[in-house]
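The structure appears below as structure tokens.
The values are calculated or read from the model by the stated rules, or taken from the named source; none is laboratory data. Because the structure is predicted, anything quoted here is derived from the model rather than measured. Glycine also receives a Cβ, built like all others from the backbone with ideal geometry; neighbour counts cover every protein chain displayed. All accessible areas refer to the heavy atoms of the entire protein, side chains included, with ligands and DNA or RNA removed. Shrake-Rupley method; radii C 1.70, N 1.55, O 1.52, S 1.80 Å.
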Amino acid sequence: SSTTPRPAVRPASPRSMEGRPTRRPPGRPGRPVPRPHSAARYRRRRLAALLIGLLLLVGLGLTGRILLFDVGFADIEQVQVNSENPAASATGAVRTEDVVKAADVNLGTPLAAVDTAAIASRVAHLPGVESVRVSRTWLHTVTIDVTPRVAVATVQTGQGQALVDRFGTVYPGTPPPGLPSFTFGAVGPDDASTQAAISVLAAVPDALRSQLLTVDATDTAPEAPGQVTLGLTGDRQVRWGSPDRSPEKAAVLMPLLTQPGHVFDVTSPDLPTITR
């Protein structure tokens, strides 16, 4: 049988490949080469962003200004007074109407424009106010939180009977029932005798307070200021002495008062005495 010869396959010469277009593998499209950003172009973009942000802030500010000040969106409609010590307010030391009058807040004015520091200063001048804090309660309220003075005793002054608070401040007011009277002069927050008397009052047992009528504090010697004497019902006296060791003196005094006597001396709680 005869066999037909096959033509030989010649390898492509390097020259035959020249000039032919290069084919990319399928599925991998060509990517554009990114252009490098110039410094000037970056600065222009940044400046544009800053200008846009500034315009937004100005727009928001103008909108807020119009809402808060021009169209009455947040005008003052009421003044709210809160007392941090209702018991003290009940004695007449600080009345709500007096606080509102002293605050002098103009209703209908923008809440954002109110001067809270000025209001607090005016209210603080009321005699019965110990401290005050003023704040805005959005959208229409000025809130005044008042801490009234707490009276611990009374004192006789040139203008009549006055109150003494826990710091020794003397101020006018109607004394509640049951307060003892300070019977010494120069009562005030900077007076050593006043501070000694207040310290002793804080240590007096609750069971004894209903029997307490007067508190006297004298300087018997420069080295022993504020010697305190308590006047009790039944023409009795308690010589307390200085405020030192007051808890021990209070503990000794109560059993001592169960005994008959006129003067009960606990200046030295280790050696208490009774004078009949």
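Structure notes:
- Amide H contacts under 5 Å for VAL81, placed H, 5+ residues apart: ILE144
- For ALA117 and ASN82, the FRET efficiency from 1/(1 + (r/R0)^6), where r spans their Cβ atoms and R0 equals 30 Å, is about 0.95.
- With R₀ fixed at 25 Å, the C-beta to C-beta distance from SER210 to THR96 puts the FRET efficiency at about 0.25.
- Subtracting the Cα-Cα distance of ASP235 and GLN161 from their residue separation scaled by 0.36 nm leaves 24.4 nm.
- Residues whose amide H lies under 5 Å from that of LEU213, counting only those 5 or more places away or on a different chain, are GLY231, LEU232, THR233; hydrogens are built 1.01 Å from N in the peptide plane.
- For ARG245, no residue 5 or more places off, or on another chain, has a built amide H under 5 Å of its own.
- Couplings 3J(HN,Hα) of the stretch 198-211, computed from phi: 5, 5, 5, 4, 5, 9, 5, x, 4, 5, 9, 5, 5, 9 Hz, in residue order, whole Hz [Karplus 6.51 cos²θ - 1.76 cosθ + 1.60, θ = phi - 60°; x for Gly and Pro].
- If R0 is taken as 35 Å, the Cβ-Cβ distance between TRP138 and LEU50 corresponds to a FRET efficiency of 0.65.
- Å² per residue, accessible surface of the stretch 75-213 at 1.4 Å: 50 Å²
- Stokes-Einstein D in µm²/s, Kirkwood radius over Cα pairs - the stretch 68-179 at 20 °C with 1.002 mPa s viscosity: 143 µm²/s
- The share of accessible area on the stretch 104-165 that comes from carbon and sulfur is 50 percent, using a 1.4 angstrom probe.
- Extension gain, SER268 to ARG41: 0.36 nm times the residue separation minus the Cα-Cα distance gives 72.7 nm.
- Note on the stretch 87-149: the C-alpha convex hull projects to 4.1 nm² when averaged across all orientations.
- With each label modelled as a point 7 angstrom along the Cα→C-beta vector, the LEU107-GLU248 pair spans 6.2 nm.
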